[in-house]
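The values are calculated or read from the model by the stated rules, or taken from the named source; none is laboratory data. It should be emphasised that the depicted structure is a prediction, and the values quoted were computed from it without experimental measurement. For neighbour counting, all protein chains shown are included, and Cβ atoms are generated from backbone atoms with ideal geometry for every residue, glycine included. Accessible surface is based on the protein model in full, side chains and every heavy atom, while ligands, DNA and RNA are left aside. Shrake-Rupley method; radii C 1.70, N 1.55, O 1.52, S 1.80 Å.
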Amino acid sequence: MTSLRRSRIRNVIVPLVLAGTLAVGGPALAGAETINGPDVASWQHPGGSGINWLAVRAAGHEFAMVKATEGLDYVNPYFVQDGIGMRAAGMARGAYHYADVRQSPEAQAAFFSSTALPIVSGGLPPVLDLEDAKGLPPAAVIDWTHRYLNAVQGLTGKQPIIYTYPNFWRTAMANTTEFSHYPLWIADYNGRNAPGPLPGGWQHWTFWQYTSTARIPGVNADIDLNIYSGALGDLGVFSNPFGS
């Protein structure tokens, strides 16, 4: 979800953009109404501009994910205001951590959990954004991932979601199936109506990021768009705009 990954897999699908990613649209899943939502980081605040989350929600987006932290020393400067904006708009909210697998997984888990607590405690499960092996071999990244996920679950009481993309998992993670019991958020810009084939032994996906160059009301930049599969149940239980 960073500029590094965007440059690596930015071969975004023109048919999807033309088919409706300028607004709510997106791939039509057979037999289901799509539940759409963006994910955001500092890139969606060009020149320090804000996001109009009421306009995002009015355009039909029911959930949103926001970057909270990266490594051990970066906090998204717009994390708080975006979290408040999502809450005010009545959207289901989630937060993610961008992994640096060279640094302590336990320390990163604590850093993320303490920063993202206002969203994680009353929103969607915490997300691990895993997409850069930093040159480490698969065994080392697999061990790091186990330790991070265990630590975050222990700190938040929620099973984390894994965000990744197929080529990364099949190469940097040696296509391990050790994590297939975790909810999957897959980035797959394939131009079809569903992601796949899925890596790592996953049989189902929870969120699907299908483009990174959509334009939607309320945001003054290109934005990632996602579809929710329904695997976690009714997103309404995660919205709780007036609760914690």
Peptides 182-190, 87-95 ordered by average Cβ neighbours within 10 Å, highest first: 87-95, 182-190
Antiparallel bridge percentage (DSSP; both residues within the chain; nearest 5): 35
Nonlocal amide H pairs with Ala214, under 5 Å, H built at 1.01 Å: Ile223, Leu225
Computed magnitude of the charge dipole of the chain (debye, nearest 20; Cβ of K, R +1, Cβ of D, E -1): 240
Residue-wise HN-Hα coupling along the stretch 181-191, computed from phi with Karplus coefficients 6.51, -1.76, 1.60 (Hz; x: Gly, Pro): 8, 8, x, 10, 10, 9, 9, 8, 8, 9, x
Bridge type composition, the stretch 165-244 - antiparallel percent by DSSP, nearest 5: 60
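Could you work out how much longer the chain between Ala139 and Glu106 gets when fully extended? Use 0.36 nm per residue separation minus the Cα distance between them, nm to one decimal.
10.1 nm
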Gain on full stretching of the segment that runs from Gln159 to Ser121 - 0.36 nm per residue minus C-alpha separation: 12.5 nm
Label point 7 Å beyond Cα of Ala58 along Cβ direction - residues of the stretch 206-220 with amide nitrogen under 20 Å: 215-220
Under the span-like rule (Cα at least 18 Å along the axis, Kyte-Doolittle mean at least 0.5), DSSP H helices of the chain: 105-120
For the stretch 48-122, diffusion coefficient by Stokes-Einstein and Kirkwood Rh (Cα), 25 °C, 0.890 mPa s, µm²/s: 190
Percent antiparallel among DSSP beta bridges (both partners in the stretch 40-181, rounded to 5): 10
Full-extension gain in nm, Ser114 to Asn167, via 0.36 nm per residue minus C-alpha separation: 16.0 nm
With every protein chain in place, the chain: carbon and sulfur % of accessible area (1.4 Å): 56
Most positive-pole-ward Cα, His181, Gly218, Val66, against dipole of the chain from beta carbon charges: Gly218
Dmax and Rg, reported as Rg then Dmax, of the chain (C-alpha, Å): 16.6, 45
Where the chain is the region considered: accessible area per residue in Å², 1.4 Å probe: 39
Calculated FRET efficiency for the pair Arg215/Ala194, C-beta based, R₀ 35 Å, to 0.05: 0.90
Helix-only [θ]222 nm of the chain, DSSP H runs n ≥ 4, -39500 (n - 2.57) each, per residue, nearest 500: -8000 deg cm²/dmol
Separation of alpha-carbon centers, the stretch 176-244 and the stretch 52-109, rounded to whole Å: 14
